[in-house]
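To start, the structure under review is shown below, and the notes come after it.
The values are calculated or read from the model by the stated rules, or taken from the named source; none is laboratory data. Treat the numbers as computed from the prediction; the structure is a model and nothing was measured. Positions of Cβ are generated from backbone atoms using ideal geometry, with glycine treated the same way; all protein chains shown enter the neighbour counts. The accessibility values were calculated without ligands, DNA or RNA, using every heavy atom of the protein model including side chains. Shrake-Rupley method; radii C 1.70, N 1.55, O 1.52, S 1.80 Å.
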Amino acid sequence: MLLRASLVIFALSALHSVALAESCGSAPIAPALASAAEIRQKSPADAAAAKHDAFVEIKNWQADLKTYRACLTNVSNDARRQVSNLDPNKDADKIAGIQQQGAAATHQYDRTVDMEERVVNEFHAAQAAYCGRSDVDKSSCPK
C-alpha cells in the first residue's frame, strides 16, 4: 500500500512538472527580416519602411520573449524548490525527473537567447546596409 501511494505521488509530481514546462507553450517565432542585400536593392522609401518594420517586429517579439522566459524561469525555480523539499535517499527518481524538467526549461531559455542574438545581429546588418546608402535619411542611423 505504501509503495502504491509513493508511485501515485511520484506520478502526480512528474505530471505537475511536465505540465509546468508545457504551460509555457512554444517559444515565440522570430520575425523574418529583410537581409542586408535586400535592403541595398530596395528603393529608399521601401528600405526605410523595411528597417522600421523590422525594428517594430523585433520589439514586439522581444516582449513576447520576456513573457516566455519568465515562464521558463518559473519552471526552473519551481523545480529547484521541489528538489530542495525532497529526501535524496528516498526520492532519487523523483528528484531526477524534476531536475530533468528544470534542465529542459533552462535549455529552452538558452535557445531563446541564442535566437535573439541571431535576430539582433541580422537587424544590425540590415541597419548597416541601410545607413551605408547615400540616398536615404540617416537621421535614424547610429552616430
Self-check item: Karplus-derived 3J(HN,Hα), 6.51/-1.76/1.60, for each residue of the stretch 133-140, Hz, glycine and proline x
Solution: 7, 9, 10, 10, 6, 8, 5, 8
Practice problem: Could you check how much of the accessible area of the chain is carbon and sulfur, as a whole percent, using a 1.4 Å probe? | Solution: 57
Practice problem: Taking the Cα centre of the chain as origin, work out the dipole magnitude from +1 charges on Lys and Arg Cβ and -1 charges on Asp and Glu Cβ, in debye rounded to 20. | Solution: 220
Quiz prompt | Partner aspartates and glutamates for LYS94 [C-alpha distance under 20 Å; skip if fewer than 8 residues away on the same chain] | solution = GLU22, ASP78
Quiz item: Once the piece of chain linking ALA49 and ASP135 is laid out straight, how much longer is it, given 0.36 nm per residue of separation minus the C-alpha distance between them?
Solution: 29.6 nm
Quiz item: Picking from GLN82, PRO44, ILE58, whose Cα lies most toward the positive end of the charge dipole for the chain (charges on Cβ: Lys, Arg +1; Asp, Glu -1)?
Solution: GLN82
Quiz item: When the helix-only estimate is applied to the chain (DSSP H runs of n ≥ 4, each -39,500 (n - 2.57), divided by the residue count), what is the mean residue ellipticity at 222 nm, nearest 500 deg cm²/dmol?
Solution: -27500 deg cm²/dmol
Practice problem: Enumerate the calculated ³J(HN,Hα) couplings along the stretch 24-39 in order (Karplus 6.51 cos²θ - 1.76 cosθ + 1.60, θ = phi - 60°), each rounded to whole Hz, writing x wherever the residue is Gly or Pro. | Solution: 6, x, 8, 5, x, 7, 5, x, 8, 10, 5, 6, 4, 4, 5, 4
Practice problem: Pop a pseudo-label 7 angstrom from the Cα along the beta-carbon direction at both ALA27 and ASP93 and give the gap in nm to one decimal. | Solution: 3.3
Quiz prompt | Protection proxy ranking of 120-128, 86-94 - average other beta-carbon atoms within 10 Å, highest first | solution = 120-128, 86-94
Self-check item: Pair SER35, GLU116: separation of 7 Å Cα→Cβ label points (nm)
Solution: 2.7
Self-check item: Degrees, to the nearest 10: 2-23 long Cα axis against longest axis of the chain
Solution: 10
Quiz item: When ligands, DNA and RNA are left out and all protein chains stay put, how many square angstrom of accessible area per residue does the chain have with a 1.4 Å probe?
Solution: 65
Exercise. Calculate one ³J(HN,Hα) per residue across the stretch 91-103 by plugging θ = phi - 60° into the Karplus curve 6.51 cos²θ - 1.76 cosθ + 1.60, and present them in order as whole Hz with x for glycine and proline.
Key: 10, 4, 5, 4, 4, 4, x, 5, 5, 5, 5, x, 5
